[in-house]
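Q: Structure below; questions to follow.
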Amino acid sequence: MEPKKADAAAIAEAVQLLRQGLLVAFPTETVYGLGADASNALAVQGIFAAKGRPADHPLIVHIAEAAMLDDWAVHVPTVARQLAARFWPGPLALVLRKRAAVPAVVTGGQETVALRVPGHPVALQLLHAFGGGIAAPSANRFCRISPTQAAHVAEELGAAVAMILDGGPCQVGVESTIVDLSGMRPRLLRPGHIGVAELEALLQQPLLVPESLDTDIRAPGMMAVHYAPKTQAVCCPSALLSGQVRALLDSGRRVGVLAYQHGLPDNANLHVVPMPASAEGYAQSLYASLRALDALQLTCIFVESPPQTEAWRAVNDRLGKATVPLAAV
Ligand code: TXA
Ligand code: MG
């Protein structure tokens, strides 16, 4: 399935396909989603089959606007409406108590549902034209890297989808921030572009944040190993990088490096991808860079550890899932 430029005709066609219960991949500002009519349990089952995803991993329901929250959720707290007003359309998903009518297949059998209004013009046009909710996980096979370009979706899921809408490369590049508002206190389930400080400023109370985002299992689908390239990927402190790379090169291996600041000379056996210095820039190109290195059939990909600061929380969380620490090799 070749991606289709997301013009008005393609979006109208995508709406028809969704109404028929088929799968449509579409761009969001974070990553590409694999969409199905969220009110059609059979269509949503198709998502799990296409991804090879276990049935107990709940999906995010995408909606056109915050006013549709009440179509999917009950007991919506005021803070949910405030967060929606401030950050939607945008890279934030809210977990709320679900309406009884929400199909169990969407929520993995849970009593809560994740909702988000995505901040991408194509996604918004599609949602407005469709009218209902679109359940969509990232459009990758289970445990693989999320797609940030239409071509990534075509490579991995091309045969399983009725259409791939091409809206260009994703601007944010990592999946949305997820905040659980279904309990007594707001809880961060997945870090993303919208950071803890920004959320807390609006919530006016501390957000419960898992201490170790790398290893804690906080929600179904949030496992320690996830989003991984096929090539062994190792997170490596800057100071140790040269030595590690040299040792492998000396034994005739081919090595890739996602370099944060390290100036390593490229050669036939060494493929260096220099990464942007800002957390936003790094996040934007992270998955495409990992995919590019993964395609080269290397022995190992070294990821030079970026800063361990709050601004880098989402990047470090994804790197924690895509790589093993050097000590573990
Ligand atoms: O940026 C994104 O959120 C992208 C784009 C396509 O919107 N979607 C995405 O979907 O990342 P997915 O399925 O790859 O990740 C959804 C995450 C999973 O970790 C899942 O466990 C969590 O959301 N989730 C969904 N519903 C939930 C619920 N009711 N309670 C707790 N976690 C939930
Ligand atoms: Mg995913």
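The values are calculated or read from the model by the stated rules, or taken from the named source; none is laboratory data. This structure is a prediction, so every number in the text was calculated from the model and none was measured. Cβ atoms come from the backbone with ideal geometry, glycine included; neighbour counts cover every protein chain shown. Areas reflect the complete protein model, heavy atoms only, side chains present, ligands, DNA and RNA absent. Shrake-Rupley method; radii C 1.70, N 1.55, O 1.52, S 1.80 Å.
Q: What are the residues whose amide H is under 5 Å from the amide H of His120, where those residues sit 5 or more places off or on another chain and H is modelled from the backbone?
A: So His120 has HN proximity to Glu29.
Q: For the Cα atoms of the chain, what angle does the longest principal axis make with the long axis of helix 41-51, in degrees from 0 to 90, nearest 10?
A: Computed tilt is about 0 degrees.
Q: Here's another thing I want to ask about it. Give me the percent of accessible area attributable to carbon and sulfur for the chain, probe 1.4 angstrom.
A: With neighbouring chains kept in place, the figure for the chain is 54 percent.
Q: Ok, one more. Starting from the amide H of Ile301, placed 1.01 Å from N in the peptide plane, find each other amide H under 5 Å away whose residue is 5 or more places distant or on another chain.
A: Residues meeting the criterion, in which the H sits 1.01 Å from N, are Gln232, Ala233, Val234, Gly256.
Q: Right, next: Could you sort the peptides 242-253, 102-113, 44-55, 137-148 by per-residue average Cβ neighbour count (10 Å cutoff), highest mean leading?
A: Per-residue mean Cβ counts within 10 Å order the peptides as 137-148, 102-113, 44-55, 242-253.
Q: When you count, for each residue, the other Cβ atoms within 10 Å and take the mean per peptide, how do 72-78, 125-131 rank with the highest first?
A: 125-131, 72-78
Q: Looking only at the chain, where both bridge partners belong to it, what percent of the DSSP beta bridges are antiparallel (to the nearest 5)?
A: 40 percent
Q: How high is the FRET efficiency from His128 to Ala55, r the C-beta distance, R0 25 Å, rounded to 0.05?
A: Calculated transfer efficiency: 0.25.
Q: Given the DSSP H assignment, sum -39500 (n - 2.57) over each helix run of at least 4 residues in the chain and divide by its residue total; what's the result at 222 nm in deg cm²/dmol, nearest 500?
A: Taken over the chain, the calculation gives -9500 deg cm²/dmol.
Q: In whole Hz, what ³J(HN,Hα) sequence does region 233-249 give by Karplus (6.51, -1.76, 1.60; θ = phi - 60°), x for Gly and Pro?
A: 10, 10, 7, 9, x, 3, 5, 9, 4, 4, x, 5, 5, 4, 4, 6, 4
Q: Highest first, please rank the peptides 152-160, 8-16 by the mean number of other Cβ atoms sitting within 10 Å of their residues.
A: Order by mean packing, descending: 152-160, 8-16.
Q: Still on this model: Find how much the distance from Arg254 to Thr309 grows on full extension, using 0.36 nm per residue of separation minus their present alpha carbon separation; answer in nm with one decimal.
A: Using 0.36 nm per residue and subtracting the Cα-Cα distance, I get 16.7 nm.
Q: Also, quick follow-up: Once the Cα atoms of helix 279-294 and of the chain are each reduced to a long axis, what angle between those two axes, in degrees from 0 to 90 to the nearest 10, is obtained?
A: 70 degrees
Q: For helix 78-87, report the angle its Cα long axis makes with the longest principal axis of the Cα atoms of the chain; keep it between 0 and 90° and round to the nearest 10°.
A: Tilt relative to the chain: about 60 degrees.
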